[in-house]
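Reviewing the structure listed below.
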Ligand SMILES: C[S@@+](CC[C@H](N)C(=O)[O-])C[C@H]1O[C@@H](n2cnc3c(N)ncnc32)[C@H](O)[C@@H]1O
């Protein structure tokens, strides 16, 4: 949460999509970092938790019930946090809101799973990864990503998808080991052929890069 908080720009209205317990929304509003936070969730129960947690901050937090960014008007919030959902859900939410394909929006993304899938999508859809912070929680490594639309699409290579901008950070080797376990599981499901050979080469490259 602290890493996500740090990527939110001071003085900007933020939308916390999938706010759940509302801890980040409360921190952004309570600290004065954001003049207004839109705390949004798909489900009423989590939103109610957020509403209670954020009550002390009055009008500085608005709670909204609904799917993804459908409850945020274009331009209403310029800093958008989507944390704690699988990469596919994060992608669906962004694809459903084409207005975020604009450099004015600062995205803070914390995929719960499939980090590589999200990095590949960002690169292919023209988003630049401005920064990433590795964090460990409950024994798992997460990458907190800061992305902004740059309009330059590119096809990322395997290592870019697996590691993004995390090289050199504390925990890099452990993070790569976690990525490597997933890659090896994926490799097990492949029949002999070009894709299997490419994945073998990528595993070797990853192990060399992270000294595994
Ligand atoms: C695991 S919690 C993450 C909470 C918090 N963002 C965090 O990172 O600690 C995921 C939350 O996302 C919400 N959620 C899932 N899909 C969503 C969607 N399409 N739109 C909005 N919220 C969604 C769930 O209801 C749940 O409250």
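Structure notes:
- Candidates 55, 143, 50, 60: the one that is more than 30 Å from residue 197 (Cα to Cα) and within 16 Å of the ligand (Cβ to nearest atom) is 50.
- Just one residue in the set 21, 12 is farther than 23 Å from residue 147 by Cβ, at pLDDT 95 or above and outside any strand (DSSP E or B); that residue is 21.
- Selection within segment 118-140 - crowded, with 16+ Cβ neighbours inside 10 Å and under 22 Å from residue 199 (Cα atoms): 118, 119, 120, 121, 122, 123
- Candidate set from segment 34-45 (those that are out of contact with any helix residue (DSSP H, G or I) (no Cβ under 7 Å at 6 or more places or on another chain) and within 19 Å of residue 109 (Cβ to Cβ)); member that is farthest from the ligand (Cβ to nearest atom): 38
- Residue in segment 148-166 that is more than 16 Å from residue 121 (Cβ to Cβ), in contact with a helix residue (DSSP H, G or I) (Cβ under 6 Å, 6 or more places away or on another chain) and part of a loop (DSSP other than H, G, I, E, B) present: yes
- Check on residue 126, within 16 Å of the ligand (Cβ to nearest atom) and on the phi > 0 side of the Ramachandran plot: no
- Selection count, segment 189-212, where residues are touching a helix residue (DSSP H, G or I) at 6+ places or on another chain (Cβ under 9 Å) and under 12 Å from residue 177 (Cα atoms): 7
- Every condition in (1) in contact with a strand residue (DSSP E or B) (Cβ under 8 Å, 6 or more places away or on another chain); (2) more than 25 Å from residue 22 (Cα to Cα) holds for residue 120 except the one numbered (1).
The values are calculated or read from the model by the stated rules, or taken from the named source; none is laboratory data. Because the structure is a prediction, the values reported are computed rather than measured. Using ideal geometry, Cβ is built from the backbone for each residue, glycine included, and neighbour counts are taken over all protein chains shown.
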